[in-house]
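Below: the structure, in structure tokens.
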Amino acid sequence: MTAQQIRQAFLDFFASKQHTIVPSAPIVVKNDPTLMFTNAGMNQFKDIFLGEAEPKAPRVADTQRCLRVSGKHNDLEEVGVDTYHHTMFEMLGNWSFGDYFKKEAIDWSWELLTSVYKLDKDRLYVTYFEGDEKEGLGKDQEAYDFWKQYVAEDHILPGNKKDNFWEMGETGPCGPCSEIHFDGRTDEERARVSGATLVNADDPNVIEIWNNVFMQFNRLKDGSLQPLPNKHVDTGMGYERLVRVLQGKTSNYDTDVFMPLIQFIAEKSGKIYKAEATPRADGWNEAVAMRVMADHIRAISFAIADGQLPSNNKAGYVIRRILRRAVRYSYQYLGFKEPFLNQLVPLLAEQFKGVFDELYSQKDFVQKVVLEEEVAFLRTLQNGITQFEQVVNAANNNVIAGQFAFELSDTFGFPLDLTELMARERGFTVDTEGFNQALQQQKNRSRAATAIDTGDWVLLKDNDSVEFTGYDEIETIAHVIKYRKV
Ligand code: ATP
Ligand code: MG
Ligand code: MG
Ligand code: MG
């Protein structure tokens, strides 16, 4: 099956179970101070679970574009280094709003995986909540029993509160969850070591594919749990992981989701993509760089298409950091000395045509924004790298001084996490405390300068902070033009 067919089969399956197929919400979250980017399929239904909005249908399903680069879910450092965490990914999901519950959710997830997708049952492991004494909760016997109809006992594993109990926040809806993991190792490896011991153990070939959350409690302010009158189901399956498993690959990047991008990068850089390269071996940096580029351009493109331009603040800075990370990889390891990342945008837009048309309809604009960003960063990148190399070569310990990291950021536009990444590659760490001090000193200086510039009537108090407030403005086209001139 192609990736497209796999996605469609998911939606068709849940449509056949009376689910209404709904569109993905934008990846950029507006009007929610607690969240910058959509990081799960359930985000757009939060108000329904909180009882503050009515569902449009009791059962829905969709594919949601997600971004996990900040806050509670931040997978950025894993990307490209491992084979199954992305910045932007699609989360396939089905929901019941006070309608069906554990039985149907479990029946259908098993039916879909084993009858429609025909996954090998012996390679599947499921988990259930084992209970928690402090919470006064017993094991999720219901989920266990439903699974037992289908799954051998040694493939049903207990999980603790950390892995198998989902909470929306400190208060609000919560409940046990059941996850499905896939063992993609060779038969030989499977005979030697049981997959059961590798579930949730960061093994690159035994990976989580689907999470089924059963919301049945409401956490009150005093910490106690109250049964919910209406119980809900919230599920999320990683689309790229599912495609990898169904296409029999050992890396998400080897699927037709990523291969067209990687092949294009390999061709244009004149380098070969060595999927199997191992850390420190020849080809490792090139392979990571290609994966990072193929991954990051997706995050950047969808963020821009959904209204978040790269900038120096908040969500905009998260996107700029991701972009500069990709540009540095492509420059240093793939030899792209001229802007190149932007050329991936049309390819990506074509790929998502008919799925997320928001990108296709704005592809020229998105490409232009990426190009401008590349041009700006490439102006200072080489000088920054040269300085960095000098400092590393002259160092007598393995620490990059905070003041220097700050200069790299201030003069050459190297975000702190980029300097940290480069440092890591050379076995160094960065004195982040020193960096923050230098940053604070600069803020104080610029505050003082502003006071002088604007006249004597500016009264600075100790707690004044110079905060950017034009957050929404930056998302209009008019502002882009202004931003380009700078
Ligand atoms: P993991 O333990 O692998 O980090 P998770 O438990 O954080 O995954 P969930 O929050 O349960 O993930 O999200 C539901 C599903 O989304 C996961 O089962 C997985 O298939 C997929 N998923 C989660 N994070 C990523 C990511 N960064 N890239 C690709 N798919 C992801
Ligand atoms: Mg995770
Ligand atoms: Mg997990
Ligand atoms: Mg999970």
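The values are calculated or read from the model by the stated rules, or taken from the named source; none is laboratory data. If you're wondering where the values come from, they're calculated on a predicted model, not measured in any experiment. Here Cβ is always computed from backbone atoms with ideal geometry, including for glycine, and neighbour counts include all displayed protein chains.
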Being under 24 Å from VAL199 (Cα atoms) and either in contact with a Cys (Cβ under 8 Å, 6 or more places away or on another chain) or of a type in the set (D, E, K, R) (or both) narrows it down to one of LYS103, LYS134, so name that one. LYS103
Just to be sure I understand the filter: pairs with C-beta atoms under 8 Å, separated by 6 or more residues or on different chains, first member in the stretch 165-185 and farther than 25 Å from ASP202 by Cβ and touching a residue at least 60 places away in the same chain (Cβ under 8 Å), second member part of a strand (DSSP E or B) and within 12 Å of ligand 4 (Cβ to nearest atom). Which pairs pass? none
Looking only at residues that are more than 20 Å from SER16 (Cα to Cα) and of a type in the set (Lys, Arg) in the stretch 95-131, which one is nearest to the chain's Cα centre (by Cα)? ARG123
Residue tally, condition under 17 Å from LYS102 (Cα atoms) and out of contact with any strand residue (DSSP E or B) (no Cβ under 6 Å at 6 or more places or on another chain), over the stretch 144-175: 6
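Are any residues in the stretch 2-30 on the phi < 0 side of the Ramachandran plot and assigned to a loop (DSSP other than H, G, I, E, B), and if so, which ones? Full working, then the answer.
In the first step, residues of the stretch 2-30 are kept if they are on the phi < 0 side of the Ramachandran plot; the result is 2-17, 19-30.
Of everything in the stretch 2-30, those that are on the phi < 0 side of the Ramachandran plot and assigned to a loop (DSSP other than H, G, I, E, B) turn out to be THR2, LYS17, HIS19, VAL22, PRO23, SER24, ALA25, PRO26, ILE27, VAL29, LYS30.
Out of SER194, SER178, I need the residue that is modelled with pLDDT of 95 or more and within 16 Å of ligand 1 (Cβ to nearest atom). Which one? Quick ask: steps written out before the conclusion?
Working: SER194 fails: within 16 Å of ligand 1 (Cβ to nearest atom).
Only one candidate passes the filter, namely SER178.
To keep it simple, each residue is scored yes or no on (1) surrounded by fewer than 21 Cβ atoms within 10 Å (Cβ to Cβ); (2) β-branched (Val, Ile, Thr); (3) within 16 Å of ligand 3 (Cβ to nearest atom); (4) not assigned by TED's automatic domain parsing to the domain that holds ASP357.
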site	(1), (2), (3), (4)
ASN230	yes, no, no, yes
THR235	no, yes, yes, yes
ARG241	no, no, yes, yes
GLN263	yes, no, no, no
ILE272	yes, yes, no, no
MET293	no, no, no, no
ILE300	no, yes, no, no
Cβ-Cβ below 8 Å, separation at least six or inter-chain, first residue in the stretch 62-81 and within 26 Å of PRO23 (Cβ to Cβ) and free of Cβ contacts under 8 Å to residues at least 24 places away in the same chain, second away from ligand 4 (no atom under 16 Å from the Cβ) and of a type in the set (S, T, N, Q): which pairs? ASP75/THR87
Check off (1) at pLDDT 95 or above; (2) under 17 Å from the mean Cα position of the chain (by Cα); (3) not charged (D, E, K, R) for ALA349 and give me the number that stays unchecked. (2)
Extreme residue, farthest from ligand 2 (Cβ to nearest atom), among residues of the stretch 168-203 that are part of a loop (DSSP other than H, G, I, E, B), within 18 Å of SER251 (Cβ to Cβ) and in contact with a Gly (Cβ under 9 Å, 6 or more places away or on another chain): ARG185
Taking only pairs six or more apart or across chains, which ones have beta-carbon atoms under 9 Å, a first residue in the stretch 391-402 that is part of a loop (DSSP other than H, G, I, E, B), and a second residue that is among the aromatic types (Phe, Trp, Tyr)? ALA395/PHE428; ASN397/PHE428; ASN398/PHE428; ALA401/PHE435
The stretch 137-195, subset within 16 Å of ligand 3 (Cβ to nearest atom) and either surrounded by fewer than 15 Cβ atoms within 10 Å (Cβ to Cβ) or polar (S, T, N, Q) (or both), residue farthest from ASN218 (Cα to Cα): PRO158
Do you know which of the residues in the stretch 87-134 that are closer than 27 Å to PHE356 by Cβ and among the aliphatic types (A, V, I, L, M) is farthest from ligand 1 (Cβ to nearest atom)? VAL116
Restricting attention to the stretch 110-131, report how many residues are surrounded by 16 or more Cβ atoms within 10 Å (Cβ to Cβ) and among the acidic types (Asp, Glu). 1
Identify, from the list GLU286, GLU276, the residue that is surrounded by fewer than 19 Cβ atoms within 10 Å (Cβ to Cβ) and away from ligand 3 (no atom under 16 Å from the Cβ). GLU276
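Test MET215 against the criterion of being more than 15 Å from ligand 3 (Cβ to nearest atom), within 19 Å of the chain's Cα centre (by Cα) and not hydroxyl-bearing (Ser, Thr, Tyr), and give yes or no.
Working: more than 15 Å from ligand 3 (Cβ to nearest atom): yes; within 19 Å of the chain's Cα centre (by Cα): no; not hydroxyl-bearing (Ser, Thr, Tyr): yes.
Spelling it out, it is not the case that MET215 is more than 15 Å from ligand 3 (Cβ to nearest atom), within 19 Å of the chain's Cα centre (by Cα) and not hydroxyl-bearing (Ser, Thr, Tyr).
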Within the stretch 95-111, can you find the residues that are under 16 Å from PHE146 (Cβ atoms) and not β-branched (Val, Ile, Thr)? SER96, TYR100, PHE101, LYS102, LYS103, GLU104, ALA105, ASP107, TRP108, SER109, TRP110, GLU111
For residues that are of a type in the set (A, V, I, L, M), part of a strand (DSSP E or B) and away from ligand 2 (no atom under 16 Å from the Cβ), tally how many sit in the stretch 207-227. 2
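From PRO33, PRO55, grab the single residue that is surrounded by 15 or more Cβ atoms within 10 Å (Cβ to Cβ), more than 12 Å from the chain's Cα centre (by Cα) and in a loop (DSSP other than H, G, I, E, B). Outline the logic, then answer.
Details: PRO33 fails: surrounded by 15 or more Cβ atoms within 10 Å (Cβ to Cβ).
Only one candidate passes the filter, namely PRO55.
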